[in-house]
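All remarks here apply to the structure that follows.
No value in this document is a laboratory result; all are computed from the given coordinates. Keep in mind that what you see is a predicted model, and the values were worked out from it rather than measured. Virtual Cβ from ideal backbone geometry, glycine too; neighbours counted across all protein chains shown.
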Amino acid sequence: MRLEIGADPAGGTPALEEHVRDCASCRQFREEMRTLDTNIRRALERPPGRVGAPRLTAPWRPWALAASVLLAMLAVMTVWLLRPSDTLAHEVVAHVRQEPESWLASRQIDAHSIDEALRGAGVKLDLSADRVSYAQSCWFRGHYVPHLVVQTTQGPVTVMILRNQRVASRRSFQESGMTGVIVPAPQGSVAVLARGNADLETLASQMQQEVRWLPDAP
Amino acid sequence: MRNSQPESPVSSISERLSGADPRASMTQLFESMRPDLLRFAHWLARDRSLAEDIVQESLLRAWRSRDTLKDRGAARAWLLTIVRREHARLYERKRLELVSLDEALDTQAVEKAGSDSDLFTLRHAIMRLPIEYREPLLLQTLGGFSTEEIARELDLSSTAVLTRLFRARNKLRAICGMTPAPDVSTSEALP
């Protein structure tokens, strides 16, 4: 019976049900396995780890991370009432919040890594590599999308190229201590975010024009 | 690999959908399954680039043999089966070149900072499961395959599949802090 329960906690034959009714030990085992199974399904909801992510090795990083989280929390409190109802913007912000280390990256990313991050979404971008400090291909709404951090005069700015997310018009938002704008593009949209208040119009327009959408996107 | 296949159902999807091509709905069906296939392949191969190649190759194979798919309702299981076989082929071909698990797990450490640690531990543990255990578990939980279907696909007896599924969960159970159940002892144990 334990083999049957362990192999398929959600299943059950009449014989198993009858046994479980009278056997407290197997009943408890099945409950535990069902809980475990729920967690397994949750764990499998997303694909496993990302390729080429930066390592958290520098000793100052945990402190920087903590400071960044603290700042983000303070900022969240101040802009809480301005929180948009826009789902796409909300999910973009949620994604960026899950990768706080992206803001802290200061090392220059080589052109190959940038191309690698862009390749999965079928886009090209003529962006000077010395301005990019973070480049990942991230799982977002069922697709891999490029997640870049570009160093600007206003500090680091996150750019996400959302090939499969179309928007009808430009949308600005403030959420979780971030200012952002999502602009429509020929094959989807481009999200640009900064921490705190920032003027993102120039970079957003630049991205809108410079992203090249390849025809054989995955 | 992607660029060397002019007949790719995916690369030309927009053209097919925009025209009156009768194959468009089939292409659309395949494309709608891509995220699921990619996730399944990614958990099997434990490497994103490899998973993308596997899915691309699988979709090409599926496209070529699309006429054998009689019931569109069975498309998901059919495609997952093709992905699994493509992974198995690749696994055989590139046995010595497969992704370093340590490398893959190191990259996951980044996720830990922002995610639930129990879930992180579980994802870590699933990644570490030997393919003999991980494969039937993924077929069951992600693919929705029954024990009998998994047995047919893996060319095993149903009892052997039950044993593998039990052991897979038992390993995860121990890692999650629960007392492992006594191991099952059957004549169908792993070779």
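Projecting label points 7 angstrom from Cα along Cα→Cβ for residue A:42 and residue A:64 puts them 3.1 nm apart. Taking every residue in B:172-180 and counting other chain Cβ atoms within 10 Å of its Cβ, the average works out to 3.
Take the Cα of residue A:23, step 7 Å toward its Cβ, do the same at residue A:107, and the gap between the two points is 5.4 nm. Label separation (residue B:148 vs residue A:98): 3.8 nm, computed from points 7 Å beyond Cα along the C-beta direction. Round to the nearest 0.05 the FRET efficiency obtained for residue B:91 and residue A:201 when R0 = 35 Å and r is the Cβ-Cβ distance. Taking R0 as 35 Å, the efficiency between residue B:91 and residue A:201 is 0.10. Relative to the current alpha-carbon distance between residue A:141 and residue A:87, full extension at 0.36 nm per residue lengthens the span by 18.3 nm. Take each residue of peptide B:42-54, count the partner chain Cβ atoms within 10 Å of its Cβ, and average: the result is 3. The value of relative contact order for the stretch A:84-213, using C-alpha pairs under 8 Å at least six residues apart, is 20 percent. Of the peptides B:31-37, A:105-111, B:122-128, the ranking by mean beta-carbon count within 10 Å, highest at the top, reads B:122-128, B:31-37, A:105-111. Once the Cβ-Cβ distance of residue B:155 and residue A:15 is raised to the sixth power relative to R0 = 22 Å, the FRET efficiency obtained is 0.20. Note: relative contact order over chain A, using C-alpha pairs below 8 Å and six or more positions apart, is 16 percent. Enumerate the residues in the stretch B:28-57 having an amide nitrogen under 17 Å from the point lying 7 Å beyond the Cα of residue B:69 toward its Cβ. Taking a point 7 Å out along Cα→Cβ of residue B:69, the residues of the stretch B:28-57 whose backbone N falls under 17 Å are B:28-41, B:54-57.
Counting, for every residue in A:203-213, the Cβ atoms of other protein chains within 10 Å of its Cβ and taking the mean gives 0. Per-residue Cβ neighbour counts within 10 Å put B:43, A:213, A:63, A:139 in the sequence A:63, A:213, A:139, B:43, beginning with the fewest.
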